Structure formats: C-alpha cells, structure tokens
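The values are calculated or read from the model by the stated rules, or taken from the named source; none is laboratory data. Fair warning: this is a prediction, and the values are worked out from it, not measured in the lab. Virtual Cβ from ideal backbone geometry, glycine too; neighbours counted across all protein chains shown. Calculation scope for accessible area: heavy atoms of the full protein, side chains included, ligands and nucleic acids excluded. Shrake-Rupley method; radii C 1.70, N 1.55, O 1.52, S 1.80 Å.
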Amino acid sequence: MSLNSHDSGSTPASDPAQAPDPRAWVAPLISTLLTLPMGLVALFVGGLTPMACDSCDGAAANRFDASFTTAWTVLWIGLVLALIVVAASWAVPHRIRHAARRVGLALTAPATVVVTFVAFMALVDWP
C-alpha cells in the first residue's frame, strides 16, 4: 500500500461546511433591493427637512439650523455605514459555513438605515 491510499480506496469525504453555497446571493440581493431605496428615501426626506423651518426666524431658526447640521451628519454617516454593510454581505465567502454571517450582515443593512433615519428625526429640533 502506498502512503496516499485510503482504507476504502475512495476519496475522503470533504467537509460539508466548506461546500459552495448555491444560494449565497439571495440574502445580499434582497438586502440591496431593500437598503438602497430606503436609503434614498431617507436622504430625500432629510434633504426636504430644512423646508420645515422656512417660516422660522430668530431663536427657533438658530436652534433648528444647529440641530439640523448635526442630524444631517448623522444621517450621512449612517447611510454610508449601511452601504458598507451591504458591500460586506456581498463580500462574505460563498461557503455554507459563512451563511449565518452573510444573512446577519444582510439583515443589518436595512436595519441600519431605519435606525439612522429615526436618529435623524429625533436629533432635529422641530419648530
């Protein structure tokens, strides 16, 4: 018998966790289809927010402007973070053992948009 032979003469069974995942693209695709439109709507609503204080003057306008600047920054950072998470869900290796990580990242991306938008709305000092 040679050094490379096996007891049964067949090739050894490979680890099923290392097998390619044929449905690896599903979770990132759904996440992308949810996250991008939600992010665009959040950005659109955030961009229209300054019109809420068009008729404000004096102290109310100053409070609104100061809070809007902070909230706008938070919105942008959150949306960029959501895009990074979507990209990460696509970048996870397409193996079965990484399926939970891929789905977790795919679920985190739209949740990040929602949390960011809620934080934006809470940070603005509405007139």
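Points to keep in mind about this one:
- Extreme residue, farthest from residue 64 (Cα to Cα), among residues of the stretch 1-50 that are modelled with pLDDT of 95 or more and either part of a loop (DSSP other than H, G, I, E, B) or β-branched (Val, Ile, Thr) (or both): 30
- Answer residue from the stretch 96-123, given it is at pLDDT below 95 and over 17 Å from the mean Cα position of the chain (by Cα) and is surrounded by the most Cβ atoms within 10 Å (Cβ to Cβ) among those: 96
- Selected residue (criterion: nearest to residue 36 (Cα to Cα)) from residues of the stretch 70-95 that are open to solvent by 80 Å² or more (accessible area, probe 1.4 Å) and in contact with a helix residue (DSSP H, G or I) (Cβ under 7 Å, 6 or more places away or on another chain): 81
- Checked across the stretch 39-52, the condition of being within 23 Å of the chain's Cα centre (by Cα), buried (at least 16 other Cβ atoms within 10 Å of the Cβ) and either closer than 21 Å to residue 91 by Cα or without any contact (Cβ under 8 Å) to a residue 24 or more places away in the chain (or both) holds for at least one residue.
- Per-region count, the stretch 104-127, residues in contact (Cβ under 8 Å) with a residue 12 or more places away in the chain and either assigned to a loop (DSSP other than H, G, I, E, B) or of a type outside the set (A, V, I, L, M, F, W, C) (or both): 8
- Of the set (1) over 28 Å from residue 16 (Cα atoms); (2) open to solvent by less than 30 Å² (accessible area, probe 1.4 Å); (3) of a type in the set (D, E, K, R), all apply to residue 57 but (2).
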